[in-house]
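This is the structure I have questions about; it appears just below.
The values are calculated or read from the model by the stated rules, or taken from the named source; none is laboratory data. Predicted model, so just to flag it, every value in this text is computed and none were measured. Here Cβ is always computed from backbone atoms with ideal geometry, including for glycine, and neighbour counts include all displayed protein chains.
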Amino acid sequence: MKQQQRQPYSDTIWDETETWSRDRIETFQLDALRRQLQRVRDTSSHYRKVFAEAGFEPGDLKSFSDLRRLPFTRKSDYVAGLAAEPPFGSLAAVKPGEAVRVHFSSGTTARPAPVLWTQTDIDRWADLYARYLYAQGLRRGDIFQCMFNYAWFVGGLGATLAAQHLGALVIPASSGDTQRQIESIFQYGSRCVIGTPSFMAHMAEAAEQMGRDLASSTVQMVCVGGEPGASIPGTRERIERQWGAKMFDCYGALECQPIGWDTAAQLGPTLAEDFIYVEILHPDTHEPVPDGERGVLVLTHLDKQACPLVRWWTGDVVVRDSRPAPDGRTHARLSGGVLGRADDMLIIRGVNLFPSAVEDIVRAFPGLTNEYQLVLDDSVKDAHTGFLTGVKLRVEREAGTAPDLGERLAQRLREKLQVRFHVEVVEAGTLPRTIHKATRVIHA
């Protein structure tokens with residue numbers, strides 16, 4: 001039997017839950033948390049132990065503040081759980097035979113970590129992704145070119161399922177063969193493309209070398225995720241100019257898909273508050289911070305089945321805005337997207353510096369290509385303490401730029417960020433390109 005196509009709530013909103021009042025959202029979340037905590041305690045050996053050690057019973061949850069009696073779940077806990085109960089770990093809340101898929105982390109800092117999904121998880125995932133793509137402007141019959149990697153990486157299949165669920169025609173292009181990607185856009189009339197910001201920047205550069213003007217193509221939506229970029233003004237403005245299209249931030253993580261995506265208004269990723277309960281906490285005191293102040297994002301799943309997380313410490317620094325949006329959506333937003341990672345923050349002579357702040361300036365500075373690197377080597381460290389005294393920045397010049405390009409950029413960075421930069425200008429094509437996630441900070 002043919003599955004019935006999902007019908008949107010309205011011409012602009014996919015699901016009625018996007019318009020719930022704040023009181024209704026919080027009532028729903030508290031009820032869902034009670035059910036989820038009971039299920040997690042009953043099915044996950046990791047959380048059964050955590051709850052017992054904290055002296056916490058699911059019935060103890062009377063208000064959101066009671067959740068803070070439980071400790072954070074960190075990446076190290078997930079890795080330890082994999083070692084304790086291989087191969088899928090002690091955090092899993094289903095048996096392998098009850099799951100239908102497993103995705104893996106990139107393995108850049110540890111062995112690739114598996115995350116299980118049930119069919120219900122996948123259906124929920126696809127519908128949430130479709131909600132956000134619809135909010136950004138994708139419609140039934142549009143051509144959607146997916147440039148996320150499909151091998152191991154979580155994004156490709158999720159985006160494909162979502163676009164199909166919405167009714168779009170999907171080109172599962174993956175993240176290679178740049179020339180064919182560009183030719184396909186012009187040949188088939190892709191309206192929406194999705195991939196990492198690094199790959200979108202690479203595509204724009206490659207198209208220019210091919211004599212193709214992406215700004216004259218049919219693409220109207222450039223959706224990006226997997227790394228910071230879309231919410232960084234300099235990067236957004238540059239890629240929107242190169243593509244002649246609106247760029248949208250699609251924020252998620254392997255362990256929690258999705259977290260929040262931009263809507264057409266581009267006011268910052270709108271959180272999926274019927275899927276996750278969100279805390280924004282001070283990085284040191286772990287106390288809640290009010291809207292408008294920076295804090296670390298901590299997430300608890302409300303209905304995830306296979307690998308649910310309780311108080312997952314993302315490490316991402318964000319600012320929340322809980323005011324209703326002008327388009328009628330009521331779920332809170334992350335103003336400016338992910339501003340940095342608590343563990344990526346650099347401290348230079350007492351100044352806190354996030355790499356995303358450097359990217360904003362570099363991408364908006366005239367005469368540079370899309371590529372850059374922050375290099376932390378002995379030349380920018382105090383010989384006695386090892387503390388950073390500055391930052392080395394490598395950038396690529398475009399043809400015909402003035403010889404004082406590096407000096408002017410260093411001055412702009414110093415004025416804006418109050419940090420001393422040693423700018424090394426190299427010729428275009430010198431720095432490595434990537435079709436997946438770029439490495440911008442080099443520890444040498």
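For the stretch 127-139, does any single residue satisfy the condition of being modelled with pLDDT under 95 and assigned to a loop (DSSP other than H, G, I, E, B)? Quick ask: steps written out before the conclusion?
Looking only at the stretch 127-139, we keep the residues that are modelled with pLDDT under 95, and these are none.
No; the residues of the stretch 127-139 include none that is modelled with pLDDT under 95 and assigned to a loop (DSSP other than H, G, I, E, B).
Are any of the residues in the stretch 114-134 of a type in the set (Gly, Ala, Ser) and surrounded by fewer than 20 Cβ atoms within 10 Å (Cβ to Cβ)? Quick ask: steps written out before the conclusion?
To start, the set of residues in the stretch 114-134 that are of a type in the set (Gly, Ala, Ser) comprises 126, 130.
Filter again for surrounded by fewer than 20 Cβ atoms within 10 Å (Cβ to Cβ), leaving none.
No, that holds for no residue.
If I filter the stretch 159-189 down to residues being surrounded by 22 or more Cβ atoms within 10 Å (Cβ to Cβ) and touching a Gly at 6+ places or on another chain (Cβ under 8 Å), which single residue comes out as nearest to residue 125 (Cα to Cα)?
Step by step, filter the stretch 159-189, then rank; the result is 168.
In addition: Please go through the stretch 275-291 and pick out each residue that is surrounded by fewer than 20 Cβ atoms within 10 Å (Cβ to Cβ) and closer than 21 Å to residue 261 by Cβ.
Keep residues of the stretch 275-291 that are surrounded by fewer than 20 Cβ atoms within 10 Å (Cβ to Cβ), which gives 281-291.
Correct list: 291 only.
Continuing with the same structure: What do you reckon, is residue 267 more than 30 Å from residue 369 (Cα to Cα), surrounded by fewer than 20 Cβ atoms within 10 Å (Cβ to Cβ), among the hydrophobic types (A, V, I, L, M, F, W, C) and touching a strand residue (DSSP E or B) at 6+ places or on another chain (Cβ under 6 Å)? Steps first, answer last, please.
Working: more than 30 Å from residue 369 (Cα to Cα): no; surrounded by fewer than 20 Cβ atoms within 10 Å (Cβ to Cβ): yes; among the hydrophobic types (A, V, I, L, M, F, W, C): yes; touching a strand residue (DSSP E or B) at 6+ places or on another chain (Cβ under 6 Å): yes.
Judged against the criteria, residue 267 is not a match.
Can you tell me how many residues within the stretch 215-230 are of a type in the set (Gly, Ala, Ser) and either touching a Leu at 6+ places or on another chain (Cβ under 8 Å) or surrounded by fewer than 17 Cβ atoms within 10 Å (Cβ to Cβ) (or both)? Reasoning before the result, please.
Step one: list which residues in the stretch 215-230 are of a type in the set (Gly, Ala, Ser), which gives 215-217, 225-226, 229-230.
After this cut, where a residue has to be either touching a Leu at 6+ places or on another chain (Cβ under 8 Å) or surrounded by fewer than 17 Cβ atoms within 10 Å (Cβ to Cβ) (or both) as well, the list is 215-216.
Residues meeting the conditions: 2.
Does residue 376 satisfy the condition of being at pLDDT below 85 and surrounded by 12 or more Cβ atoms within 10 Å (Cβ to Cβ)?
Numbers: at pLDDT below 85: no; surrounded by 12 or more Cβ atoms within 10 Å (Cβ to Cβ): yes.
So residue 376 does not fit the description; no.
Go through (1) touching a strand residue (DSSP E or B) at 6+ places or on another chain (Cβ under 6 Å); (2) free of Cβ contacts under 8 Å to residues at least 24 places away in the same chain for residue 211 and report which single condition fails.
All conditions are met except number (1).
Hey, any hits in the stretch 360-367 for a residue that's surrounded by 18 or more Cβ atoms within 10 Å (Cβ to Cβ) and within 18 Å of residue 226 (Cα to Cα)? Let's see the steps before the verdict.
The first filter runs over the stretch 360-367 and keeps only residues surrounded by 18 or more Cβ atoms within 10 Å (Cβ to Cβ), leaving 360-363.
Narrowing further to those that are within 18 Å of residue 226 (Cα to Cα): 360.
Within the stretch 360-367 (the criterion being surrounded by 18 or more Cβ atoms within 10 Å (Cβ to Cβ) and within 18 Å of residue 226 (Cα to Cα)), the answer is yes, since at least one residue qualifies.
Would you mind stating whether residue 26 is touching a Lys or Arg at 6+ places or on another chain (Cβ under 7 Å) and within 30 Å of residue 321 (Cα to Cα)?
Numbers: touching a Lys or Arg at 6+ places or on another chain (Cβ under 7 Å): no; within 30 Å of residue 321 (Cα to Cα): yes.
No, not satisfied.
Six or more apart or on different chains, Cβ atoms under 7 Å: show the pairs whose first residue is in the stretch 53-74 and of a type in the set (Lys, Arg) and whose second is at pLDDT 95 or above and assigned to a helix (DSSP H, G or I).
69/54
Restricted to the stretch 310-322, and to residues that are in a strand (DSSP E or B) and under 16 Å from the mean Cα position of the chain (by Cα), which residue is surrounded by the fewest Cβ atoms within 10 Å (Cβ to Cβ)? Before you say what the answer is, go through the steps one by one.
Step one: filter the stretch 310-322 for residues in a strand (DSSP E or B), giving 312-318, 320-321.
Retained after the next criterion (residues that are under 16 Å from the mean Cα position of the chain (by Cα)): 312-318, 320.
On the way: 312: 23, 313: 22, 314: 21, 315: 18, 316: 23, 317: 23, 318: 27, 320: 22.
Filtering the stretch 310-322 for residues that are in a strand (DSSP E or B) and under 16 Å from the mean Cα position of the chain (by Cα), the one surrounded by the fewest Cβ atoms within 10 Å (Cβ to Cβ) comes out as 315.
Checking residue 94 against (1) in a helix (DSSP H, G or I); (2) under 24 Å from residue 276 (Cβ atoms), which test does it fail?
It fails just one condition, (1).
Okay, moving on. Find the residue count for the stretch 81-113, including only residues that are among the small types (Gly, Ala, Ser) and surrounded by 15 or more Cβ atoms within 10 Å (Cβ to Cβ).
Initially, the stretch 81-113 is screened for residues among the small types (Gly, Ala, Ser), giving 81, 83-84, 89-90, 92-93, 97, 99, 105-107, 110, 113.
From what is left, the residues that are surrounded by 15 or more Cβ atoms within 10 Å (Cβ to Cβ) are 81, 89-90, 92-93, 99, 105-106, 113.
Number satisfying all stated conditions: 9.
What is the one condition in (1) modelled with pLDDT of 95 or more; (2) not in a loop (DSSP other than H, G, I, E, B) that residue 103 does not satisfy?
Against the list (1) modelled with pLDDT of 95 or more; (2) not in a loop (DSSP other than H, G, I, E, B), residue 103 comes up short only on (1).
To continue, here is another question. Does residue 307 satisfy the criteria of being crowded, with 17+ Cβ neighbours inside 10 Å, assigned to a loop (DSSP other than H, G, I, E, B), hydrophobic (A, V, I, L, M, F, W, C) and outside the structural domain of residue 365 (by TED's automatic domain parsing)? Spell out how you get there, then give the answer.
Details: crowded, with 17+ Cβ neighbours inside 10 Å: yes; assigned to a loop (DSSP other than H, G, I, E, B): yes; hydrophobic (A, V, I, L, M, F, W, C): yes; outside the structural domain of residue 365 (by TED's automatic domain parsing): yes.
Taking the combined requirement at face value, the residue satisfies it.
Within the stretch 236-277, take every residue that is acidic (Asp, Glu) and not in a helix (DSSP H, G or I) and give me the one that is nearest to residue 11 (Cα to Cα). So that I can check it myself, show each step before the final result.
First, pick out the residues of the stretch 236-277 that are acidic (Asp, Glu): 237, 240, 249, 255, 262, 273-274.
Applying the additional criterion that residues be not in a helix (DSSP H, G or I) yields 249, 255, 262, 273-274.
Details: 249: 22, 255: 31, 262: 17, 273: 21, 274: 21 Å.
That would be 262.
Out of curiosity, is residue 79 at pLDDT below 95 and of a type in the set (Val, Ile, Thr)? Working first, answer last.
Numbers: at pLDDT below 95: yes; of a type in the set (Val, Ile, Thr): yes.
Criteria met by residue 79.
Counting just the residues of the stretch 64-88 that are in a loop (DSSP other than H, G, I, E, B) and more than 14 Å from residue 40 (Cβ to Cβ), which one comes out nearest to the chain's Cα centre (by Cα)? Steps first, please.
Taking the stretch 64-88 as the starting set, the residues that turn out to be in a loop (DSSP other than H, G, I, E, B) are 70-72, 74, 85-88.
Within this subset, residues satisfying the condition of being more than 14 Å from residue 40 (Cβ to Cβ) are 72, 74, 85-88.
Numbers: 72: 20, 74: 17, 85: 29, 86: 28, 87: 26, 88: 24 Å.
Here the residue is 74.
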